[in-house]
């Protein structure tokens with residue numbers, strides 16, 4: 001599927017294109033893919049090579065996203081794709097985000113069928129989840145607009161690494177977000193995720209200011225982002241830049257992917273993180289994977 005012209009720029013001198021769907025702004029030579037491995041330059045045009053191809057389809061409790069304060073007690077129809085715009089060393093879904101060519105097979109499905117499936121399973125919403133949804137923006141947008149016509153809400157479970165252009169579009173059709181705020185360390189984002197923390201923080205501010213429902217998840221990793229000072233910094237960001245009403249989920253990490261040498265997160269640090277958040281006035285704090 002050819003990507004809309006407003007989401008990439010062509011070079012006037014070469015056949016390179018600059019993808020503007022996410023904050024990587026990949027400059028892609030003819031015949032090559034961007035970091036997400038989904039967008040390909042074909043003769044100076046940008047194509048989404050996985051349009052209409054997903055990795056998973058499933059009705060789930062909405063609390064599994066996790067979203068605890070948006071349509072609680074309802075089912076959401078979860079749709080996962082392939083690829084990612086980050087390269088997290090600890091990725092819990094690396095078999096579809098990083099190395100899908102070794103492990104996973106795609107499911108071909110069109111937007112109309114996704115919406116029909118969601119209604120058939122009595123879901124109140126659809127969720128773009130399991131891998132980073134932003135990289136499938138054209139497919140997500142078409143499906144989401146069809147879903148909204150059927151009174152289904154739309155959810156993004158995302159790393160928050162949007163470009164300005166993509167977030168402008170996403171805000172027109174997404175009702176609720178769970179954003180994975182991985183750390184408050186720029187070095188962590190650069191060295192572990194291959195990304196820029198400031199972009200994520202700016203996008204969180206934008207989502208909150210636009211009045212969208214927002215919940216945040218922080219996966220605490222032993223020896224990487226589990227210090228009391230960093231947990232304090234993350235909670236301070238929520239309190240000072242967002243609001244006490246934003247639910248915060250602290251989640252336990254396990255050895256996985258390229259971080260198979262870490263220890264499972266000590267549950268005590270999660271309990272401490274919850275205590276810190278509650279003491280700062282954050283109203284709704286939850287623990288996951290314990």
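The values are calculated or read from the model by the stated rules, or taken from the named source; none is laboratory data. Nothing here was measured: the structure is a model prediction, and the numbers come from that model. Virtual Cβ from ideal backbone geometry, glycine too; neighbours counted across all protein chains shown.
Odds and ends about this structure:
- Taken over the range 258-282, the residue count meeting the criterion of being outside any helix (DSSP H, G or I) and in contact (Cβ under 8 Å) with a residue 12 or more places away in the chain is 10.
- Residue in the range 203-232 that is nearest to residue 90 (Cα to Cα), counting only those that are without any contact (Cβ under 8 Å) to a residue 60 or more places away in the chain and part of a strand (DSSP E or B): 220
- Residue in the range 81-89 that is closer than 29 Å to residue 191 by Cβ and loosely packed, with under 15 Cβ neighbours inside 10 Å present: no
- Boolean, residue 171 is touching a residue at least 24 places away in the same chain (Cβ under 8 Å), closer than 28 Å to residue 117 by Cα and surrounded by 15 or more Cβ atoms within 10 Å (Cβ to Cβ): yes
- Looking across the range 233-256 at every residue that is without any contact (Cβ under 8 Å) to a residue 40 or more places away in the chain and over 20 Å from residue 89 (Cα atoms), the one that is surrounded by the most Cβ atoms within 10 Å (Cβ to Cβ) is identified as 248.
- Some residue of the range 139-161 being touching a helix residue (DSSP H, G or I) at 6+ places or on another chain (Cβ under 9 Å), within 30 Å of residue 263 (Cα to Cα) and surrounded by fewer than 21 Cβ atoms within 10 Å (Cβ to Cβ): no
- Residue 290 meets all of the listed conditions (1) under 21 Å from residue 68 (Cα atoms); (2) modelled with pLDDT of 95 or more but one, namely (2).
- Members of the range 253-279 that are within 14 Å of residue 218 (Cβ to Cβ) and touching a helix residue (DSSP H, G or I) at 6+ places or on another chain (Cβ under 6 Å): 273, 276, 277
- Of the residues examined, residue 73 is not one that is outside the structural domain of residue 255 (by TED's automatic domain parsing), surrounded by fewer than 21 Cβ atoms within 10 Å (Cβ to Cβ) and more than 17 Å from the chain's Cα centre (by Cα).
Quick grid of which residues meet (1) in contact (Cβ under 8 Å) with a residue 40 or more places away in the chain; (2) not in a strand (DSSP E or B):
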{"residue": "50", "(1), (2)": "yes, yes"}
{"residue": "60", "(1), (2)": "yes, no"}
{"residue": "63", "(1), (2)": "no, yes"}
{"residue": "68", "(1), (2)": "yes, yes"}
{"residue": "71", "(1), (2)": "yes, yes"}
{"residue": "76", "(1), (2)": "yes, no"}
{"residue": "87", "(1), (2)": "yes, yes"}
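- Of all residues in the range 233-257, those satisfying the criterion of being touching a strand residue (DSSP E or B) at 6+ places or on another chain (Cβ under 7 Å) and in a loop (DSSP other than H, G, I, E, B) are 246, 247, 253.
- You will find that of 174, 157, the residue that is touching a strand residue (DSSP E or B) at 6+ places or on another chain (Cβ under 7 Å) and assigned to a loop (DSSP other than H, G, I, E, B) is 174 and no other.
- Failed item, numbered, when residue 112 is tested on (1) buried (at least 20 other Cβ atoms within 10 Å of the Cβ); (2) assigned to a helix (DSSP H, G or I): (1)
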